[in-house]
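Trainee: One structure, pasted below without further comment.
The values are calculated or read from the model by the stated rules, or taken from the named source; none is laboratory data. Just so we're clear, the structure is a prediction, and the values are computed from it rather than from any experiment. Using ideal geometry, Cβ is built from the backbone for each residue, glycine included, and neighbour counts are taken over all protein chains shown. Accessible surface areas use protein heavy atoms only, side chains included; no ligands, DNA or RNA. Shrake-Rupley method; radii C 1.70, N 1.55, O 1.52, S 1.80 Å.
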Amino acid sequence: MDTHPEKVRFEFGSACDVGRKRSGEPNQDAIEVVLPGSRGNSHPPLLIVADGLGKHVGGAIASKMVIQAFKQEFINAKHPADYPTLMERCVQKAHAAVREQGAKDPKLTNMGSTIVAVVLDQNMLYLLNVGDSRAYIFRGKNILQISQDQSWVAVQVRAGVITELEARTHPSRNRLNMAITARRPEITPFITKQKLEKDDIVLLCSDGLWGVIPESLIWAAANELPPEVAVKKLVDLANRSQGPDNISVIIARRLKSDRRTAPADLEDTNP
């Protein structure tokens with residue numbers, strides 16, 4: 001009898017689009033999927049979405065810098081690792097890199113970025129986020145947001161002052177309480193872990209997706225389409241809803257998963 005547990009394998013899809021409204025401008029979003037064995041990585045899969053702040057060029061530089069610094073620190077770490085501790089170290093390295101660059105160039109003093117990062121270690125998921133880029137687990141028909149928005153409206157929602165529906169259109173919905181910026185001396189990331197179940201689907205995205213497309217449609221695309229097709233569908237849906245922001249999405253799903261959810265209508269966008 002084989003007592004070794006079966007290795008969990010995932011299939012992935014990722015997409016990053018400038019959006020319709022910002023066509024012709026630098027894409028301030030950045031994404032990365034770092035797989036085992038790629039670029040010297042001895043760790044489990046690492047997924048990252050970063051949403052740049054600080055107008056055009058500054059935001060585009062910051063998001064890529066955050067991902068690069070985070071990824072490099074992660075790859076350089078010994079395996080196996082305490083992933084919550086390692087991810088905290090990675091994000092602090094990323095923050096230090098942004099602060100250093102902002103100090104060197106006066107044009108970049110206002111630059112910054114959000115980040116949401118996930119490590120998929122067999123049946124465990126480790127998550128870190130700063131800002132309002134999100135991570136979800138779709139478990140059956142349940143939509144579980146596992147990241148925590150670090151924004152002004154999110155604090156008001158958690159306090160019961162406004163509803164989630166009101167937060168989506170609130171004038172201060174883009175105001176962040178925490179971000180990786182050149183001006184901020186310290187950051188406090190949200191870190192958590194979740195045990196994954198057999199048919200869980202993991203999705204990371206920027207607010208260019210979750211702020212535009214209803215979560216029910218995001219769930220439907222992730223469940224009914226292969227990850228590499230679903231990400232393209234979601235970008236298309238966001239752009240058909242005016243594409244007001246850059247759009248980033250990564251989907252991870254276990255291979256050979258027996259999916260039995262009912263199909264859903266993916267064409268119904270903001271009727």
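Trainee: Charges at C-beta only: +1 for Lys and Arg, -1 for Asp and Glu. How large is the resulting dipole of the chain about its Cα centre, in Debye rounded to 20?
Mentor: Using only the charged Cβ atoms, the result is roughly 500 debye.
Trainee: If you don't mind, there's one more thing I want to ask. Leaving out ligands, DNA and RNA, and with a 1.4 Å probe, what % of the accessible surface on the chain is carbon or sulfur?
Mentor: On the way: 6520 of 13100 Å².
So the carbon and sulfur contribution to the accessible surface is 50 percent.
Trainee: Next question, about the same structure. Mind listing the phi-derived Karplus ³J(HN,Hα) values for segment 126-138, rounded to whole Hz, using 6.51, -1.76 and 1.60 with θ = phi - 60°, and x for any glycine or proline?
Mentor: Per residue, the Karplus-derived 3J(HN,Hα) values read 10, 10, 9, 9, 10, x, 10, 6, 10, 10, 10, 10, 9 Hz.
Trainee: While we're on this one: With only Lys, Arg, Asp and Glu charged, each at its Cβ (+1 for the first two, -1 for the last two), find how big the charge dipole of segment 42-199 is about the Cα centre; round to the nearest 20 debye. Show your work: numbers first, answer last.
Mentor: Details: 21 positive and 14 negative charges, 44 e Å.
The calculation lands at about 220 debye.
Trainee: Measuring from centroid to centroid over Cα atoms, what is the spacing of segment 22-58 and segment 228-258 in Å?
Mentor: 15 Å
Trainee: What lysines could a cross-link reach from LYS64, if we take a straight Cα to Cα line under 22 Å and drop same-chain neighbours fewer than 8 places away?
Mentor: Candidates past the 8-residue exclusion: LYS21, LYS55, LYS93, LYS104, LYS107, LYS232.
Trainee: Tell me the per residue accessible area of the chain using a 1.4 Å probe; a whole number in Å² is fine. Write down the numbers at each step before the final one.
Mentor: Details: 13100 Å² over 271 residues.
Ligands and nucleic acids excluded, the figure is 48 Å² per residue.
Trainee: Pull up the cross-link candidates among the lysines for LYS141, meaning alpha carbon to alpha carbon under 17 Å and not fewer than 8 places away within one chain.
Mentor: The qualifying lysines are LYS198.
Trainee: As I understand it, the dipole of segment 146-195 uses +1 on the Cβ of Lys and Arg and -1 on the Cβ of Asp and Glu, about the Cα centre. Which of ILE146, LEU176, GLN194 lies farthest toward its positive end?
Mentor: Of the options given, the answer is GLN194.
Trainee: What's the local net charge at ASP207, with K and R +1, D and E -1, over the other residues with C-beta under 15 Å away?
Mentor: Numbers: positive: LYS21, ARG22, ARG134, ARG168, ARG173, ARG175; negative: ASP17, ASP29, ASP51, ASP132, ASP149, GLU164, GLU215, ASP245.
My count for the surroundings of ASP207 gives -2.
Trainee: If you don't mind, another one. Toward the positive end of the charge dipole of the chain, about the Cα centre and with charges on Cβ (Lys, Arg +1; Asp, Glu -1), which of CYS205, THR85, ASN129 goes farthest?
Mentor: THR85
Trainee: What accessible surface, in Å², does a 1.4 Å probe find on TRP219, ignoring ligands, DNA and RNA and rounding to the nearest 10?
Mentor: That residue has around 30 Å² of solvent-accessible surface.
Trainee: With θ set to phi - 60°, apply the Karplus curve 6.51 cos²θ - 1.76 cosθ + 1.60 along segment 41-52 and write out the HN-Hα couplings as whole Hz, x wherever there is a Gly or Pro.
Mentor: So the Karplus estimates, Gly and Pro as x, are 7, 9, 9, x, x, 10, 10, 9, 10, 10, 10, x Hz.
Trainee: Scan around HIS43 for amide H atoms under 5 Å from its own, H built in the peptide plane at 1.01 Å from N, and keep only partners 5 or more places away or cross-chain.
Mentor: Under 5 Å from the amide H of HIS43 lie the amide H atoms of GLY37, each far enough along the sequence or on another chain.
Trainee: Okay, moving on. Whole-Hz Karplus ³J(HN,Hα) for segment 174-180, in order, using 6.51 cos²θ - 1.76 cosθ + 1.60 and θ = phi - 60°, x for Gly and Pro?
Mentor: Calculated HN-Hα couplings, in order: 8, 7, 9, 8, 8, 7, 8 Hz.
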